[in-house]
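Participant: Dropping the structure in here first, questions after.
Every number in this text was worked out from the coordinates using simple rules, so none of it is lab data. Worth saying up front: this structure is predicted, and the values here are computed from it rather than measured. Cβ placement follows ideal geometry from the backbone for every residue including glycine, while neighbour counts extend to all protein chains displayed.
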Ligand code: CMC
């Protein structure tokens, strides 16, 4: 013990003031700049949500058109950046490549690194939002041994991402509006979530004055952990492991005996249905219908797990509800996105949240370097002993 409050895991400590996102975990509500997530997911689109998160207000039609034009005209990466990939093994995890390549942006865009210059900060934010989908798609293409696809600025932000993921030189990707919309909603639902571990990492990195590209690379590194961004991947692995509907009762017995968890259920903050999960559940049905996959065994298995869990006293007593990851992995795999890319999609969508928090912090004249204290529990003072006298 010492003179500082001991609060490992920040269970009782606010690390900052923020005007961006509000979560009411007991009621299961999430707001971006005061707007309920359900309304944004239904009526807005991802780029408008980006504008809202960064600027604090929804754009007018003219501001929106200008914002979209600016984002879509920065989508190319420096051609030399594409050579970075050749240094990675083909089987590198796409998040490993993301951490490296996004960090390397600071070596390419040196004219937007002065964090005290508002114009530099704005340019860096645009560059990150514009280029993240390009880099994410490149990670996937490199894994697949497919050529990189240049962005198309005549498409929407999300349709362009699918184009860069799925077009080949022989056959362009033809955007399916239902699927593009589904991915756009996934982006919106993941755009921000107040002071989660990766956002706090970005703030802490940024508090030293580090440049925004380096800070976002730090956020990506944190997101990669299985307790944070890796949960939707875990849901799909769990469905594979269970295998079929008849194995569900035995699996549930194991959950209650605490031999394993029901992945995609429970949340540190939400002790009610995660509002993003309700939206994602609907999108999940829409996508599977569109693709004729309603009878897909994996989907049926997921719905059976959900049905049993929602009726079971173990889950009811502990307030364990499905979280967004329970459904988002199913949707993404129906869209043809491979499991290791799920966390990359999360990073892509969360970049705007990270950068909005970073900018909010830097613009605050009272900003201080983040410097937690500790409770020292090591050895007390002792004298050095030469090696031949240690025993
Ligand atoms: N399956 C079975 N039991 C569970 C689960 C689960 N998924 N989650 C919590 N519990 C039990 C836990 O064993 C404990 O039981 P008891 O009171 O008998 O000891 C009780 O529920 C309370 O759980 P906790 O571990 O104290 O809750 P937490 O707030 O520390 O953990 C969590 C939250 C998300 C880490 C946890 O629910 C979990 O591991 N869920 C599965 C993984 C998952 O889906 N993670 C995604 C979270 S959302 C992603 C994001 O927003 O980044």
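Participant: What is the chain's relative contact order, in percent, from Cα pairs under 8 angstrom and six or more apart in sequence?
Facilitator: Over the chain, the number comes to 24 percent.
Participant: Only counting other Cβ atoms within 10 Å, I'd like 30, 146, 52, 81 sorted with the fewest neighbours first.
Facilitator: 146, 81, 52, 30
Participant: Spin-label point model (7 Å from Cα, Cβ direction): what's the residue 272 to residue 237 distance in nm?
Facilitator: Distance between the two pseudo-spin positions: 3.2 nm.
Participant: Exposure proxy check: 288, 301 ranked by fewest other beta carbons within 10 Å?
Facilitator: Placing the least packed residue first, the sequence is 288, 301.
Participant: Within 10 Å of each residue's Cβ, count the other Cβ atoms and sort 193, 78 from fewest upward. Can you show the working numbers first?
Facilitator: Values: 193 19, 78 14.
Fewest-to-most ranking of 193, 78: 78, 193.
Participant: On a C-alpha basis, how far is the centre of segment 159-209 from the centre of segment 350-380 in Å? Whole number, if you could?
Facilitator: 25 Å
Participant: Next question. Short version: what are the Cα gyration tensor semi-axes of the chain, square root of 5 times each eigenvalue, largest first, in whole Å? Write down the numbers at each step before the final one.
Facilitator: Working: eigenvalues 210, 187, 104 Å².
Ellipsoid half-lengths, sorted descending, are 32, 31, 23 Å.
Participant: List the residues of segment 53-70 whose backbone N lies under 18 Å from a point placed 7 Å from the Cα of residue 153 along the Cα-to-Cβ direction.
Facilitator: 63-70
Participant: Same structure, new question: If I model a spin label as a point 7 Å beyond the Cα along the Cα-Cβ vector, how far apart are those points for residue 316 and residue 62 in nm?
Facilitator: In this crude spin-label approximation the distance works out to 5.7 nm.
Participant: FRET efficiency for residue 250 and residue 6, Cβ-Cβ distance as r, R0 = 45 Å, nearest 0.05?
Facilitator: Plugging the Cβ-Cβ distance into 1/(1 + (r/R0)^6) gives 0.60.
Participant: Which residues does the label zone of residue 258 cover in segment 219-252, counting backbone N under 18 Å from a point 7 Å along Cα→Cβ?
Facilitator: Under 18 Å, as judged by backbone N against the label point of residue 258, lie 252 of segment 219-252.
Participant: Given N residues in segment 169-321, what is Rg(Cα) / (2.2 N^0.38 Å)?
Facilitator: Normalised Cα radius of gyration, segment 169-321: 1.24.
Participant: Right, next: Label points 7 Å out from Cα along the Cβ direction at residue 111 and residue 70: separation in nm?
Facilitator: 1.6 nm
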